[in-house]
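What follows is a set of notes on a single structure, which appears directly below.
Please treat every number below as a calculation from the coordinates, not as lab data. Given the structure is predicted, the values throughout are model-derived calculations rather than measurements. Here the Cβ is made from the backbone with ideal geometry for all residues, glycine too, and neighbour counts use every protein chain on show.
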Amino acid sequence: MMRNFLLTLTTTALIAFPAGADPSQQEVDTARSECRDAFLARDAEAYMDAAASMIAWGSLQNADWSREVELCLAFAEAIEGASLDTARERAAGLSGAAGPTPAPSEEAAAPQTDAPAADTRLADFLSRIQADGADVEAIVREIAADTTFAPPPSPERDALEEVLNAYVRPIPAAQAERNFVAYQALARANGENQTYVDKAASYEQAIEAEREQLQRTARALEGRLVRTTAEFDGSSWGRHPSSPRFQDIRNYVTLYLIESGSGQKTMELFFNYTSRSGWLFVESASINIDGETTRVPVGQWFRDNDTEIWEFASMRGDAAVALARKIADADRAVIRFNGQQFYDDYVVSDGEKRVIREMLAMWEVISAE
């Protein structure tokens, strides 16, 4: 809707102000800078003055300059208090027009059906990514996924490129997927920069190599699981060789492969709390994954003791696999064990996340067979 609105309004403005001599390069550069600065500062008055200067030029012979006008006018919807009607009135004053701008004829005001709609994606991405509380990672993914986004050189493109570079700079090299998406977004924003293209390709190769290695590990893991089998019915549970052997050693979260006596298999996500100082009497648990907190949907909590005490609960099936995947992919995951009077927080280690990733990869192999 915004594109049609912009095209109609731009056409109306240019008809209201007939074509004259094109402005000078200096005039174009000045107006473009004023428009950009007003947009970045969200200054409605300064923006309407800059837009008025451009509208007063009328129809331009230079196609590149016409696109600059369209881009500036597209910013109106992103600036609170900005009005293109007001900008047109100011343009009339700049051009020396007397009285109100005459209404264009119905035929003249109608947009040409074969005229391309103005591309406002650059302005939209820049406005959203610079907004307070913006979900920068989500917007970066959106840019990376937009295969047709290729804005021409402009100060606005430079501003978007700067924000994207600020986002990717602190990402550790080990986080190949986040780096890949970020450099893919940079390559969309500025495809002329071969560094972005090369880095995106490099991280994509790293992701594929990691995936292949994980698949090889997964195929071998099932035979390496440490299994405990019930004599009564032949059911069993298998743990990763790197997961804790005993419950009274430490707090942990891990995945087990559960197999019934009839051969049916499922995954169990297991939460364990251990203490040498006394019972916590855990009643529930919650987990904070990269700043988002949810309740751990387990049923009853059990407890046992010898010289130490341990309290534990588990969940199975698709819900267990989904939560395990979130934990494995998290930058930081913190489990809070909520007791009757107190609580205890436990930060999931990188080693535990690796174990969970390998168990999940093994489960994908098993499920596909």
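Numbers at a glance
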read-out: Net charge of Cβ neighbours under 9 Å - reference ARG357; Lys, Arg +1; Asp, Glu -1; value: +1
read-out: Mean-position separation - Cα centroids, region 246-277 and region 68-95, in angstrom; value: 64
read-out: Lysines with Cα under 17 Å of LYS326, excluding same-chain neighbours fewer than 8 positions away; value: LYS353
read-out: Relative contact order (%) - the chain, alpha-carbon pairs under 8 angstrom, separation at least six; value: 11
read-out: Separation between Cα centres of region 179-203 and region 294-351, rounded to whole Å; value: 38
read-out: Region 123-217, relative contact order [Cα under 8 Å, separation at least 6], %; value: 27
read-out: Hull shadow area, averaged, region 123-217 [alpha-carbon convex hull, nm²]; value: 6.5
read-out: Surrounding net charge for ASP29, when Lys and Arg each add one and Asp and Glu each subtract one, Cβ distance under 11 Å; value: -1
read-out: Added length on full extension, which subtracts the Cα-Cα distance from 0.36 nm per residue, ASN165 to GLN300; value: 43.9 nm
read-out: MET359, MET315 arranged by Cβ crowding within 10 Å, fewest neighbours leading; value: MET315, MET359
read-out: The chain: angle of helix 44-55 to the longest principal axis, Cα-based, in degrees nearest 10; value: 50
read-out: 14 Å beta-carbon shell around LEU94, net charge (K/R +1, D/E -1); value: -2
read-out: Reachable aspartates and glutamates from LYS265, criterion Cα separation under 19 angstrom, eight or more residues apart if same chain; value: GLU222, GLU231, ASP233, ASP318, GLU358, GLU364, GLU369
read-out: Order of VAL28, VAL253, VAL168 under a 10 Å beta carbon neighbour criterion, fewest first; value: VAL168, VAL28, VAL253
